[in-house]
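Visitor: Can you keep this structure in mind? I'll have questions shortly.
The values are calculated or read from the model by the stated rules, or taken from the named source; none is laboratory data. Bear in mind that the values here come from a model prediction, so they are computed numbers and not experimental data. Cβ placement follows ideal geometry from the backbone for every residue including glycine, while neighbour counts extend to all protein chains displayed.
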Amino acid sequence: MTGAPRLPVFQATGITKVYRMGEVEVRALRGVDVTFREGEFVVLLGPSGSGKSTLLNVLGGLDVPTAGSVRWRDHDLAVPDEALLTRYRRDHVGFVFQFYNLVPSLTARENVALAAEIARRPMTPEEALGLVGLSDRLDHFPAQLSGGEQQRVAIARAVVKRPDVLLCDEPTGALDAATGRLVLEVLAKVNRDLGTTTVVITHNASIAGMADRVLLLRDGLVVQEQLNAARKAPQEIAW
Amino acid sequence: MKVRALDRKLLRDLWHLRVQAAAVALLTACGVATFVGSVTTWRALQRSQAGYYADHRFPDLFAEVRRAPGPLAARLAALPGVAEVEARLGAYGTLELERAAGASITARLISQPPGGSRLDRLHLRTGRGPARPGEAAVGEGFARAWRIAPGDALAVLVNGRREQLTVVGVAVSPGTIYAIRPGDIFPDDRHFAVVWVDEATLAAALDLTGAWNEVGLVLAPGAGAPEVVARVDRLLAAAGGGGAYGRDRHVSHRFLTDEIRQLKAMAAVIPSIFIGVATFIVSLVLSRLVATQRAQIGMLKALGWSGAQVAGHYAGMVAGMALAGGAVGIGGGLAMGQWMAGVYARYYRLPELRFEGDLPVVALALALALGAALLGAAGAVWRALELPPAEAMRPAAPPTYRPGLLERLGLTRWLSQPGRMVVRGLSRRPLRAALAALGLSMAVAVLQISDFTEGATSLILRRELEEGQRHDLSVTFTQPRGPAALAELRALPGVLAVEGVRDVPVVLHHGHRSYRTGLRGVEPGARLGRLVAADGQVVPVPPSGLVVSRQLAGLLAVEPGGVITAEVTEGRRPVLALPVEATVDDFLGAGATMARAALSASLGEGPLATGAWLAIDPARAGEVRARLAARPGVLGATWRAATVASVRAILDELMVTYMAVIGLLASGIAAGVVYNTARIAWAEREPELSTLRVIGFTRGETWRIVAGEVLALLVVALPLGAVLGVLAVRGVAAAMSNDLFRIPAVVGRGEVAYAAGLTTAVTLAVTLLALRWVARLDLVGSLDRRD
Ligand SMILES: Nc1ncnc2c1ncn2[C@@H]1O[C@H](COP(=O)(O)OP(=O)(O)OP(=O)(O)O)[C@@H](O)[C@H]1O
Ligand SMILES: [Mg+2]
C-alpha cells in the first residue's frame, strides 16, 4: 500500500471539546484540524491531559465534539445521533483499550464472536484469533489468560469485523516490553494485511517509529506533525 | 471525629441506593404491618372471647336430652370434677312478626330462670331479660335485621302451641355468638332468631314442667373433661338424647375459634413472604455494594478502621432500612389490627373488644424485621470484615467462569454470545438466581391464592345452586300437607312441574357423637333438586336409607353401612334408626337426605310434604307469584334466581376488594424482586455492557442481555410459582373449610394463567426500565474501568 496515493478518510476541522463540571470548564480540545488517510498508521503522542483520548473518542463515534466538523467518508461524526453513531461503530470501527474490556463470562472465541455476530462481512473468530497468534487459546476464559493474551483477544475482537478504522488507546500501557512488542506486531500486521486505517495513542515515544505519521498534542491542540520516511519493525523498538 | 465522616458516607450510600432501600423498607413495612395487624387482631379476638366467656360464664360441657327430671341436675352437680351445673329448656319453633308477614322465621328458644341464668348469661344491649310469663329477649342479629325494640310484640309457635310474647330486651350470649339455623349454611339474621323466654312459659309449652332438656356444666379446676363426660353420660343415659360434649363441638364456639385459628395461620404465612423477599433483596443489594466498595473498604482499613467498625457500618445501613420500614409497618399494622378486630367483633357481636397496643408483638415484629435484614446482609458484611486491606486496594481479578452444567450437556450450543452471557451469569451465582426465581414465584403463588377464592365460590355456586337445585321456585308450607296440596300447585297456570319436599328438624346421633341438623325427604328420582358431589357426579337417593354429606359423616364418624339414630325434634318427637346408604362429597352444609316415602313411613305418617320445588314457565312467573301469595297454606316462596343473585352479590363485593389488595401486594413483590434483580445484574454487567455498546451493539441488543437474565428467571419462576400456588391454595382451602363449607382447592388453567400473566406483565414493565439505564450508559467513562 505504501507508495500508492492515499485518500483522506477522516477530516476534522476546528473541533473543540468542552467538558463542563459545574462552574469549571475544561477545554479538552481547542480547535483541532486533522486528516487521516486510508491505510495510514498514525501515532498520537502528548502529555497526560492533552486531549488524545478525547480526540480518539470523537473519531470513533463514542463522543461528539462541542464545535467543529468531523467526517469519516460520508459519515458526519459531529451530529449527536445515537443510532447513526452506533451504526458507524458497528460497521467501520474497531477499538482496543488499555484495560482490554473483555467480557469475563465469555471465552476468547466467544468474545471475538460477540463482535463477529453483528458485523456485515466478518472473518471467523478462529481466523481473527489466528491473526493475533492465539489459535491455541480459543476456549480459555479471560481469567485464564495473561494480560498480553487478553489484549490480543481484544485486538482480535476489534479486527474480526474487518474494520475500516482501528483505534487503540494505550494498547500496551499495561504490558511489559516483550508482550507489548507482540501486541504492536499484531497491530502492524493488521494494518499491513487488511489496509486498516490505524490510530494508536501511546506514552512511549519510541513506538512512534512504527508509524507513517506522528501527531503531537498539547493542551488540546495538534502542535507538531512528523512524517516517517520508513517505518520501523516492532522488534526494533526500544521500550 | 471519624464517626461523622463514616456516617456521612452511610447517608450518601443510602441516598445512592434509595430505590433499593425504599424497596426493602416497603417490603419490610408490608411484612411488619401484616404481622402486627393479624397478630394483634388474633390476640384481641382471643382476649375478647376469653373475657366474654369468663364474664358471662360460658360452660365447659354441654348436653341435650329429651327429658330429664329436675333433681337430676343436682346429681350432675354432685359428680366429681363438676363445679357448677345449670339446667335449662331449649327448643326450636316458628316465629311470627307482624312486620315480617310471610317470612318463614325459625326461632331458637332458650329458657331464663326467674333471677336470670347463672351460666351462659345474657349480655343485654337494651332493655332487660324476661322475668315474667309472656316476656322475651331477642338476639341482637335478628333484632337489627327487623329493627325490633323493647315493647314490640311477636308470637312463637312451639310444640303446636302459640305463645304471644312482648319483647323486653335485646341481648347476646356466649353460646349464641354464631347463630345459625340447624341445617343452614350461612347465618341468616332475617330468618333465624334467638329468643330467651321465661322458664315457666317454655316449660308449659313443651310439656316439660319440672323437667329440663339442656344442661351446661362448669368443670372443677384440674378436672379431666373426658372422665367427666363419661360420668355425665352414665347419669343422663336414662333421660334419652346424645352424650355430653365439650366446647370443641359447640357450634358457636367452633366457628369463632376457627376464625381465630385462621387469623393465626395468616399471621404466619403472609408476613413471612414479605420479609423473606426483603431479606433476599437486602442480600442482593449489600453484596453488590460491598463488591463495588472493595477499594473503599481497603482504604478504610488501611487508615486504621477495624474490621468490626467497617462491618458495623454496612450492618447499620441495613438496620436503617429495616427499622424505617418497621416503623411505618407498625403504625399501619396497629391501625389495620384495630380495624380488623372491630370488624370481627361487630360480625360476631362480641360485647366488648379488648384491643391492646401489644408491646411484645410490636417488639417481636421489629426484631423479626431487623433479624431478617441482618441475615440477608450477613454474607456481605462478613466479606467486608474479612477483606485484607492490601488485597482490597488492588483491582479485583476478573471473575472466574466455567462452562456450567447446561453447557456440558450441550444445551447452549445454539445460543448467541449474549445468550451465553446470560446463561453463564446465572449459573455463576446459582443460589442467587434460585432465590430470585423463588421470590418471583411467590408473587405467582400469592396471585393464585387470591384468584382461587373466586374460582372456588364459582364452583360451589355452580354445583350447589345450579346443578343441584334446578327448580325455579321453592315453596314452604305453613304445616306439613298431603298430596292434594302438591296437586293444587301443579294445577296453577305456569307451573310446569312440582316435587314435594319433607324437611324434619332432627338431632342425629352415632355412638357418642351427635349433630343437630335437618333431615330432608325428596322424591328418589327428583329432577328439581339433586345431590351433586364436588366432581359433578349426581348421587341418587336410594328408596330407603340415608345419603349423608361427607361433612356430616365426618362429624358423626359414620360410614355407609352404619346406622344413625335420628331424634326428631318436632311433633311427637319419634326416634328413628336409619341406615346410611351412601355419602355425598358435597361442598355446603352437613345434612342428610332420604326418600320422602321412606321418611313418611318411618315417621308413621302419610305422604306429607313441608314444601315443594316448582319449575315455572318464565313467561308466567309474575302470575305464579301473585297466585302463590294469595294461597293461605303457603308460608313463603323463594326464587332460586334471587338467591343465586344475592349470594353472588355478597361474594363479589367481598372478592373485588380482596382481589385488588392481594393483586397489589403480589405485583409489589414481583416488581421488587424484578427491579432489584435487574438492577444488580445491570450494576455487575455495566462495564461489559458498555464494551458491547462501544463495539457497536445497539441499545436494544444490549438491553436484551439484562432482560434475558430477568426473563430466564421468569421462565423458571412461572412453573415453580404454579406448583407453590397449588400447595398454598390447598393449605388455605383446608384452613377456610369448616363444618358447613368445604372450600375446594380449585386451581384451574384460568387461575394459573391470570397469576402468570400478571407476574409476566409486571416483570416486563420493570424490565423496560432497563432501557433507560442502557440509554444513560457512559461509554467513554466506562473504558477506564479496570474490572
Ligand atoms: N468526562 C470528563 N469530564 C471532565 N473533564 C474531562 C473528561 N474527560 C476528559 N476530561 C478532561 O479533558 C482533558 C483531556 O483529557 P483526555 O482524556 O483526552 O487526555 P489524554 O491526553 O488522553 O490524557 P492521558 O494521557 O492521561 O490519558 C483532561 O484535562 C481531562 O481532565
Ligand atoms: Mg487518555
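Visitor: Looking only at the stretch A:168-182, decide whether some residue is within 21 Å of A:Asn57 (Cα to Cα), small (Gly, Ala, Ser) and within 16 Å of ligand 1 (Cβ to nearest atom). It would help to see each step written out before you state the result.
Guide: Going through the stretch A:168-182, the residues within 21 Å of A:Asn57 (Cα to Cα) turn out to be A:168-174.
Adding the requirement that they be small (Gly, Ala, Ser) leaves A:173-174.
Next cut, within 16 Å of ligand 1 (Cβ to nearest atom) only: A:173-174.
Within the stretch A:168-182, one or more residues are within 21 Å of A:Asn57 (Cα to Cα), small (Gly, Ala, Ser) and within 16 Å of ligand 1 (Cβ to nearest atom).
Visitor: Something else now. Are any of the residues in the stretch A:89-103 surrounded by 23 or more Cβ atoms within 10 Å (Cβ to Cβ), away from ligand 1 (no atom under 16 Å from the Cβ), β-branched (Val, Ile, Thr) and closer than 18 Å to B:Arg699 by Cβ?
Guide: yes
Visitor: Which residues, taken from the stretch A:156-168, are within 11 Å of chain B (Cβ to nearest Cβ) and either closer than 15 Å to A:Leu102 by Cα or modelled with pLDDT under 90 (or both)? Steps first, please.
Guide: Initial filter on the stretch A:156-168 (within 11 Å of chain B (Cβ to nearest Cβ)): A:157-158, A:160-161, A:163, A:167.
A:Arg157, A:Ala158, A:Val160, A:Lys161 - these are the residues of the stretch A:156-168 that are within 11 Å of chain B (Cβ to nearest Cβ) and either closer than 15 Å to A:Leu102 by Cα or modelled with pLDDT under 90 (or both).
Visitor: Against the condition at pLDDT below 85, part of a loop (DSSP other than H, G, I, E, B) and away from every other protein chain (no Cβ under 11 Å), how does A:Leu175 come out, does it pass? It would help to see each step written out before you state the result.
Guide: Values: at pLDDT below 85: yes; part of a loop (DSSP other than H, G, I, E, B): yes; away from every other protein chain (no Cβ under 11 Å): yes.
Here the answer is yes, as A:Leu175 does meet what is asked.
Visitor: Go through the stretch A:218-229 and count every residue that is assigned to a loop (DSSP other than H, G, I, E, B) and in contact with a helix residue (DSSP H, G or I) (Cβ under 9 Å, 6 or more places away or on another chain). Don't jump to the end; show me each part of the working.
Guide: Of the stretch A:218-229, the ones assigned to a loop (DSSP other than H, G, I, E, B) are A:219-220, A:228-229.
Checking the rest, the ones that are also in contact with a helix residue (DSSP H, G or I) (Cβ under 9 Å, 6 or more places away or on another chain) come to A:220, A:228.
So the answer is 2.
Visitor: Could you run through the stretch A:60-89 and say how many residues are within 16 Å of ligand 2 (Cβ to nearest atom) and in contact (Cβ under 8 Å) with a residue 60 or more places away in the chain? It would help to see each step written out before you state the result.
Guide: Initial filter on the stretch A:60-89 (within 16 Å of ligand 2 (Cβ to nearest atom)): A:60, A:62-63.
With in contact (Cβ under 8 Å) with a residue 60 or more places away in the chain added as a condition, the list becomes A:60.
Result for the stretch A:60-89: 1.
Visitor: Conditions: (1) within 16 Å of ligand 2 (Cβ to nearest atom); (2) away from every other protein chain (no Cβ under 12 Å); (3) closer than 22 Å to A:Leu184 by Cβ; (4) of a type outside the set (A, V, I, L, M, F, W, C). A:Gln98 meets all but one. Number of the miss?
Guide: Condition (2) is where A:Gln98 drops out.
Visitor: Name, by its number, the condition in (1) more than 26 Å from B:Ala641 (Cα to Cα); (2) in contact with a Gly (Cβ under 7 Å, 6 or more places away or on another chain) that does not hold for B:Val547.
Guide: (2)
Visitor: Somewhere in the stretch A:124-136, is a residue at the interface with chain B (Cβ under 8 Å from one of its Cβ atoms), in a helix (DSSP H, G or I) and either of a type outside the set (S, T, N, Q) or over 26 Å from A:Gly61 (Cβ atoms) (or both)?
Guide: No, the stretch A:124-136 contains no residue that is at the interface with chain B (Cβ under 8 Å from one of its Cβ atoms), in a helix (DSSP H, G or I) and either of a type outside the set (S, T, N, Q) or over 26 Å from A:Gly61 (Cβ atoms) (or both).
Visitor: Does the stretch A:75-85 hold any residues that are under 20 Å from the mean Cα position of the chain (by Cα) and surrounded by fewer than 21 Cβ atoms within 10 Å (Cβ to Cβ), and which are they?
Guide: Of all residues in the stretch A:75-85, those under 20 Å from the mean Cα position of the chain (by Cα) come to A:75-78, A:84-85.
Hits for the stretch A:75-85 are A:His75, A:Asp76, A:Ala78, A:Leu84.
Each row is one residue, and each column tells you yes or no for (1) more than 16 Å from ligand 2 (Cβ to nearest atom); (2) touching a residue at least 60 places away in the same chain (Cβ under 8 Å).
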site: A:Glu38; (1), (2): yes, yes
site: A:Gly49; (1), (2): no, no
site: A:Lys52; (1), (2): no, yes
site: A:Val58; (1), (2): no, no
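Visitor: Please verify whether the stretch B:57-73 includes one or more residues that are within 30 Å of B:Ala566 (Cα to Cα) and part of a helix (DSSP H, G or I).
Guide: Within the stretch B:57-73, the subset within 30 Å of B:Ala566 (Cα to Cα) is B:58-73.
Checking the rest, the ones that are also part of a helix (DSSP H, G or I) come to B:72-73.
Among the residues of the stretch B:57-73, at least one is within 30 Å of B:Ala566 (Cα to Cα) and part of a helix (DSSP H, G or I), which makes the answer yes.
Visitor: Please enumerate the residues belonging to the stretch A:14-64 that are within 14 Å of chain B (Cβ to nearest Cβ), in contact with a strand residue (DSSP E or B) (Cβ under 9 Å, 6 or more places away or on another chain), part of a loop (DSSP other than H, G, I, E, B) and within 12 Å of ligand 1 (Cβ to nearest atom).
Guide: Residues satisfying the conditions are A:Gly49, A:Gly51, A:Leu62, A:Asp63.
Visitor: Report whether or not B:Val656 is modelled with pLDDT under 75, in contact with a Ser or Thr (Cβ under 8 Å, 6 or more places away or on another chain) and farther than 18 Å from B:Gln469 by Cβ.
Guide: On the way: modelled with pLDDT under 75: yes; in contact with a Ser or Thr (Cβ under 8 Å, 6 or more places away or on another chain): no; farther than 18 Å from B:Gln469 by Cβ: yes.
Taking the combined requirement at face value, the residue does not satisfy it.
Visitor: Before we move on, is B:Leu72 within 20 Å of B:Gly175 (Cβ to Cβ) and touching a strand residue (DSSP E or B) at 6+ places or on another chain (Cβ under 8 Å)?
Guide: On the way: within 20 Å of B:Gly175 (Cβ to Cβ): no; touching a strand residue (DSSP E or B) at 6+ places or on another chain (Cβ under 8 Å): yes.
It is false that B:Leu72 is within 20 Å of B:Gly175 (Cβ to Cβ) and touching a strand residue (DSSP E or B) at 6+ places or on another chain (Cβ under 8 Å).
Visitor: For A:Pro142, indicate whether it is more than 16 Å from ligand 2 (Cβ to nearest atom) and more than 9 Å from chain B (Cβ to nearest Cβ).
Guide: Numbers: more than 16 Å from ligand 2 (Cβ to nearest atom): yes; more than 9 Å from chain B (Cβ to nearest Cβ): no.
Here the answer is no, as A:Pro142 does not meet what is asked.
Visitor: From the list B:Ala203, B:Ala311, exactly one residue is in contact with a Leu (Cβ under 9 Å, 6 or more places away or on another chain) and assigned by TED's automatic domain parsing to the domain that holds B:Val158. Which is it? Give the derivation first.
Guide: Numbers: B:Ala311 fails: assigned by TED's automatic domain parsing to the domain that holds B:Val158.
None of the other options fit; the residue is B:Ala203.
Visitor: Would you confirm whether or not the stretch A:182-196 contains a residue that is within 16 Å of ligand 2 (Cβ to nearest atom) and either crowded, with 21+ Cβ neighbours inside 10 Å or modelled with pLDDT of 85 or more (or both)? Quick ask: steps written out before the conclusion?
Guide: First pass over the stretch A:182-196, keeping only residues within 16 Å of ligand 2 (Cβ to nearest atom): none.
No, that holds for no residue.
Visitor: Does A:Val160 satisfy the condition of being buried (at least 23 other Cβ atoms within 10 Å of the Cβ), β-branched (Val, Ile, Thr) and within 16 Å of ligand 1 (Cβ to nearest atom)?
Guide: In short, no.
Visitor: (1) more than 11 Å from chain B (Cβ to nearest Cβ); (2) in a helix (DSSP H, G or I): which one isn't true of A:Val79, the others all being true?
Guide: (2)
Visitor: Okay, moving on. Any idea which of B:Gly482, B:Gly500, B:Gly529, B:Gly518 is surrounded by fewer than 17 Cβ atoms within 10 Å (Cβ to Cβ) and in the same structural domain as B:Arg572 (by TED's automatic domain parsing)? Full working, then the answer.
Guide: Working: B:Gly500 fails: surrounded by fewer than 17 Cβ atoms within 10 Å (Cβ to Cβ); B:Gly529 fails: surrounded by fewer than 17 Cβ atoms within 10 Å (Cβ to Cβ); B:Gly518 fails: surrounded by fewer than 17 Cβ atoms within 10 Å (Cβ to Cβ).
It is B:Gly482.
Visitor: For the stretch B:680-709, which residues satisfy the criterion of being under 29 Å from A:Arg87 (Cβ atoms) and away from every other protein chain (no Cβ under 14 Å)?
Guide: B:Trp682, B:Ala683, B:Ala707
Visitor: Can you name every residue in the stretch B:557-587 that is part of a strand (DSSP E or B), within 33 Å of the chain's Cα centre (by Cα) and more than 26 Å from B:Ala91 (Cβ to Cβ)?
Guide: B:Val580, B:Glu581, B:Ala582, B:Thr583, B:Val584
Visitor: Please find, within the stretch A:198-234, the residue that is farthest from the other protein chains (Cβ to nearest Cβ) out of those that are polar (S, T, N, Q) and within 15 Å of ligand 2 (Cβ to nearest atom).
Guide: Here is the first cut: in the stretch A:198-234, the residues polar (S, T, N, Q) are A:198, A:202, A:204, A:206, A:224, A:226, A:228.
Okay, now just the ones that are also within 15 Å of ligand 2 (Cβ to nearest atom), so A:202, A:204.
Values: A:Thr202: 16, A:Asn204: 19 Å.
That would be A:Asn204.
Visitor: Taking the condition touching a helix residue (DSSP H, G or I) at 6+ places or on another chain (Cβ under 9 Å), assigned by TED's automatic domain parsing to the domain that holds B:Trp682 and either touching a residue at least 24 places away in the same chain (Cβ under 8 Å) or in a loop (DSSP other than H, G, I, E, B) (or both), does B:Leu711 pass? If you could, list the steps in order and put the result at the bottom.
Guide: On the way: touching a helix residue (DSSP H, G or I) at 6+ places or on another chain (Cβ under 9 Å): yes; assigned by TED's automatic domain parsing to the domain that holds B:Trp682: yes; either touching a residue at least 24 places away in the same chain (Cβ under 8 Å) or in a loop (DSSP other than H, G, I, E, B) (or both): yes.
Answer is yes for this residue.
Visitor: Hey, can you tell me all the residues within the stretch A:104-117 that are surrounded by 20 or more Cβ atoms within 10 Å (Cβ to Cβ) and facing chain B (nearest Cβ under 7 Å)?
Guide: A:Pro104, A:Ser105, A:Leu106, A:Glu110, A:Ala113, A:Leu114, A:Ala115
Visitor: Only one of (1) within 16 Å of ligand 1 (Cβ to nearest atom); (2) within 14 Å of another protein chain (Cβ to nearest Cβ); (3) assigned to a helix (DSSP H, G or I) is not met by A:Val153, so which one is it?
Guide: (1)
Visitor: Let me ask something additional. Looking at the stretch B:172-187, is at least one residue at pLDDT below 85, touching a Ser or Thr at 6+ places or on another chain (Cβ under 7 Å), under 30 Å from B:Arg648 (Cα atoms) and charged (D, E, K, R)? Spell out how you get there, then give the answer.
Guide: First, pick out the residues of the stretch B:172-187 that are at pLDDT below 85: B:178-187.
Then keep just the ones that are touching a Ser or Thr at 6+ places or on another chain (Cβ under 7 Å); that gives B:178, B:181-183.
Pick out the ones that are also under 30 Å from B:Arg648 (Cα atoms) and you get B:178, B:181-183.
With the extra rule that they be charged (D, E, K, R), the set shrinks to B:181.
The answer is yes, given that some residue of the stretch B:172-187 is at pLDDT below 85, touching a Ser or Thr at 6+ places or on another chain (Cβ under 7 Å), under 30 Å from B:Arg648 (Cα atoms) and charged (D, E, K, R).
Visitor: When you look at B:Leu124, is it aliphatic (A, V, I, L, M) and part of a strand (DSSP E or B), yes or no? Steps first, please.
Guide: Working: aliphatic (A, V, I, L, M): yes; part of a strand (DSSP E or B): yes.
Yes, satisfied.
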